[in-house]
Structure formats: C-alpha cells, structure tokens
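Heads up, the thing below is written out as structure tokens.
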Amino acid sequence: METPDWKNLSFGYVKTDYNIRCYYKDGKWSKPEVSTSEYIDVHMAATGLHYGQEAFEGLKAYMGKDGKIKLFRWEENAKRLISSAEGIKMAPVPVELFRDVIFQTVNMNKRFVPPYGSGATLYIRPLLYGSGAEVGVKPSSEYTFIVFVTPVGPYFKGGVKPVNMLICRDVDRAAPLGTGIFKVGGNYAASLRAQIAAKDRGYSTSIFLDAREKKYIDECGPANFFGIKENTYITPKSESILKSITNMSLLSLAEKIGMKTERRRVPVEELSSFSEAGACGTAAVISPIGKIFDPEKNITYEYCKDGNPGQFTMKLYNKLVGIQNGDETDEFGWMTEVA
Ligand code: PLP
Ligand code: COI
C-alpha cells in the first residue's frame, strides 16, 4: 500500500492489514482469529441489527519520539466496554481478552501507526454485537467481538483551532434512565438529527442538554464538555452522558497543575461566566470552543475572541498530548507499551 499522507489525514476510515475477531457461543469466548477481510458475515436476524445490541470503544496508539508505540489507559476502555455490555445485556469481553486482542491488532498493523510529530494517531475501534438470531426482543446467546484499527487525524477540522457549537433543544441523544452512560450505537443514531442540523447551520457539532429539564449542559456530540472559570475546571455531572476517559484524565491533570476542579451540574446560563470552554474525548482530544450559539435565547457565548484557545485549555492540551506522545513524564502511569 501507499503510505498515508499522515499530516493531512482526517478522522476517517483507512484500510489496514489485519483485524481480529472472537466469537461467544455456548457461554464461552473463542480464541482470537486474525482476518484480512474488511467484511463480516452477519445473520440476518442478529440482535445487533434489529434490537441495537451493539457497543463499541475508541482508544489510540501513539508513536513516541523513542520509536515506542504506546496505548493510553486501555484498561479504562476495557472496563467501559464491560459496563456497556452489561447495560444492554450482552456477554462482556473479559479484560484479558480485550487486552490481548487490541495489543495484537496494533502489533500486526504497526506500519499504520503514524510517525511521531505528524499529529496523527492510530485509532483502535473495538466492537461488540449480538450475532445470534432472535426474532423476539431478548438478548442474543451469541456475540461477536471485533477489533480494527485505522490511522486518523483530528476529529474536528482545524485540530486545536477553536470550533463553534450549537445548543440543541429539539433532540435528546439519551434519556435520564436510558443508555447515555453506555457507549452503545443507539445513542449515536439518536444524535444524528441534531448533528446534521448543527452541520447544516455551519457548526461543528451540537451541545445536548439534560433531557429531563433542558436546563443543564450534557455533552458536545461525541465528546464531554468543560468550562474554565478563573482557576477552576468545571465539567458536567449527568446521568445521561458517557464517562469520558479523557475528561477523567483532564480532571487529574488540572489538579496536578494547581487548578481547582468541579464535576457538577452546569446550568446553560453559566456559559456566560466561563473564560474558556472545550470539548474533550479520544477523537476530539481537546477541541477548544470558539463560540456557542443558543438559538432559543438568541445568545452567542464567545470564548476565543482573538481566535486562539485560552491559556488553561492550552496548558491542559500540552500536558495531555505531551504524556500521550512521550514528551512529558507519564507520572500517572497511563501509557502501556505495545511490545
Ligand atoms: N462522549 C461521547 C458521547 C463519546 O462518544 C466519547 C468518545 O468516546 C466521549 C464522550 C469521550 O470519551 P473518551 O474520552 O473516553 O474517548
Ligand atoms: C471517541 O472519541 O473515541 C469516539 O468514540 C468518538 C466517536 C464516536 C467518533
């Protein structure tokens, strides 16, 4: 294959050499099977197709200056996939199986790990779905776990350049007691109407509010939200958002650099009191928010008047990306080498 143009990669699919598949049947997981095919054979009555029994994960492999490939906090993704599986009654993938499969998939596709300094990374996509046939609404007794990788660039165009977001009141991605805390495909399907409406109006993504009262910030499309007020990093606590591993890490890093942190409900009006705001996630990394428009109130909240991200956002970004690329000491022990 030709080498991808690492510097101009977007967040999209690029074919790599191998993926790995495991099958759950009769109460146990098969040994991992390596495949070169990009396709899967799916039973037409699989619960993953009909009843949304599907969950996925997203994490990245980074090439360090020293030529070592490392993964960021993979155990957290393993635990979250177990929680998502339990949330929609699928067979969980044991942590050791998750580890073996993701590390082997990265290892077999090493030539696709973007070079140090390119700004691109190797995105790892573990996928779990109900593959057994059912017609009644019930959990499958068979599951398929697949891991593929693809080299990616920034999720939001412009990388660390500020992006604009639109507050959404006419679509909910998840209900308070629904599946918002799980990383299941249905949440993303539910978010698409809002996503397209935001894009059509020229925004990078939509900001969802709490579904019960529409008073509090939930999250920004496929990323968590944070705001900065004076020396404090503030991020929403909600019963319907994904617990972002990036956000958990930023909370630790913020404290490490002497900031205060708060995880609590964030009323929409509070947007006017933040000096900086951003979206964070594996794909989004930290995407600084330039403007947020609230169409109902006809208010624009602005955070980067000079076109540049604020100082706290940049400090956190440099610290996080520094650890991931091996430029900063990994003082929390977040990185694991792919041997
Ligand atoms: N929120 C949603 C809805 C997401 O899809 C993601 C991406 O995984 C995140 C937040 C960020 O989570 P993480 O930092 O673990 O990637
Ligand atoms: C991630 O950040 O890994 C995500 O899963 C976001 C995404 C759905 C593209």
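The values are calculated or read from the model by the stated rules, or taken from the named source; none is laboratory data. Here the structure is a predicted model, which is why all the values come from computation and not from measurement. Here the Cβ is made from the backbone with ideal geometry for all residues, glycine too, and neighbour counts use every protein chain on show. The protein model used for the area step is the full one, side chains on, heavy atoms only, and it has no ligands, DNA or RNA in it. Shrake-Rupley method; radii C 1.70, N 1.55, O 1.52, S 1.80 Å.
Once you compute Rg and the Kirkwood Rh from C-alpha atoms, what is the Rg to Rh ratio for segment 1-80?
Value, to two decimals: 1.01.
Hey, in the GNM for the chain with a 10 angstrom Cα cutoff, which one of Pro236, Pro151, Pro94 fluctuates hardest?
Residue with maximal mean-square fluctuation among Pro236, Pro151, Pro94: Pro94.
What trypsin sites (Lys or Arg not before Pro) does segment 260-339 have in DSSP loop regions with at most 11 other beta carbons within 10 Å?
Answer in residue order: Lys297, Lys305.
Between Lys31 and Met314, how many nm apart are label points set 7 Å from Cα along the C-beta direction?
Each label point lies 7 Å from its Cα, and together they span 5.4 nm.
Before I look further, what does segment 58-132 give for accessible area per residue, probe 1.4 Å, in whole square angstrom?
36
Just reorder Tyr155, Tyr216, Tyr39 by solvent-accessible area, largest first, 1.4 Å probe, all chains present.
Numbers: Tyr155 85, Tyr216 45, Tyr39 170 Å².
Per-residue accessible area, sorted high to low, gives Tyr39, Tyr155, Tyr216.
Using only the alpha-carbon atoms, how far is helix 185-200 inclined from the longest principal axis of the chain? Give it as 0 to 90 degrees, nearest 10.
For 185-200 against the chain, the angle is about 40 degrees.
Can you list the lysines whose alpha carbon is less than 21 Å from that of Lys183, not counting same-chain residues fewer than 8 positions off?
By straight Cα distance, Lys183 reaches Lys60, Lys79, Lys89, Lys138, Lys237, Lys243.
Take the Cα gyration tensor of segment 125-202, multiply each eigenvalue by 5, square-root it, and list the three semi-axes largest first, rounded to whole angstrom.
Its equivalent ellipsoid spans semi-axes of 30, 20, 10 Å.
Rg to Rh ratio, segment 222-289, alpha-carbon atoms and Kirkwood radius?
Over the Cα atoms of segment 222-289, Rg/Rh equals 0.92.
Around Thr336, what is the net charge, scoring Lys/Arg as +1 and Asp/Glu as -1 over all other residues with Cβ under 11 Å from its Cβ?
Values: positive: Lys68, Lys70, Arg73, Arg99; negative: Glu75, Asp330, Glu337.
Surrounding charge for Thr336 is +1.
Quick one: net charge around Cys22, please, counting Lys, Arg +1 and Asp, Glu -1 for every other residue with C-beta under 13 Å from its C-beta.
Once all neighbours under 13 Å are counted, the net charge is +1.
Compute for segment 196-339: radius of gyration divided by Kirkwood radius, i.e. Rg/Rh, restricted to C-alpha atoms, rounded to two decimals.
Checking Rg against Rh, the ratio lands at 0.97.
If you place +1 on the Cβ of every Lys and Arg, -1 on the Cβ of every Asp and Glu, and leave all else neutral, what size is the dipole of segment 65-113 about its Cα centre, to the nearest 20 Debye?
280
At a 1.4 Å probe, what is the % contribution of carbon and sulfur to the accessible area of segment 203-309?
44
What residue among Ser238, Pro139, Ala120 has its Cα farthest toward the positive end of the dipole of segment 103-238, where the charges are +1 on Lys, Arg and -1 on Asp, Glu, each on the Cβ?
Most positive-ward Cα: Ala120.
DSSP loop GluC sites (Glu not before Pro) in segment 284-339 with at most 13 other Cβ atoms within 10 Å of their Cβ, which ones?
Within segment 284-339, the qualifying GluC sites (Glu not before Pro) (loop, at most 13 other Cβ atoms within 10 Å) are Glu296, Glu331.
Would you mind checking the radius of gyration and Dmax of segment 102-252 based on alpha-carbon positions, in Å?
Using the Cα atoms of segment 102-252, the pair Rg, Dmax is 18.0, 55 Å.
Using the alpha carbon gyration tensor of the chain, what are the three equivalent-ellipsoid semi-axes (square root of 5 times each eigenvalue), largest first, in whole Å?
Equivalent ellipsoid semi-axes, largest first: 32, 25, 18 Å.
Work through the residues other than Lys68 whose Cβ is under 15 Å from its Cβ and net out their charges, Lys, Arg +1 and Asp, Glu -1.
Values: positive: Lys60, Lys65, Lys70, Lys110; negative: Asp66, Asp327, Glu328, Asp330, Glu337.
Within the 15 Å Cβ shell, the charges total -1.
Take the solvent-accessible surface of the protein heavy atoms, probe 1.4 Å, and return the percent of it on segment 1-85 that carbon and sulfur atoms account for.
The nonpolar share, carbon plus sulfur, comes to 50 percent.
So for the pair Arg201, Val95, with labels modelled 7 Å out along Cα→Cβ, what separation do we get in nm?
4.3
Heavy-atom accessible area per residue, segment 215-289, 1.4 Å probe: how many Å²?
34
What are the semi-axes of the equivalent ellipsoid for segment 2-161, taken as the square roots of 5 times the Cα gyration tensor eigenvalues, largest first, in whole Å?
30, 16, 15
Relative to the present Cα-Cα distance, how much length would full extension add between Leu192 and Phe11 at 0.36 nm per residue of separation?
The span from Leu192 to Phe11 would gain 63.5 nm if fully extended.
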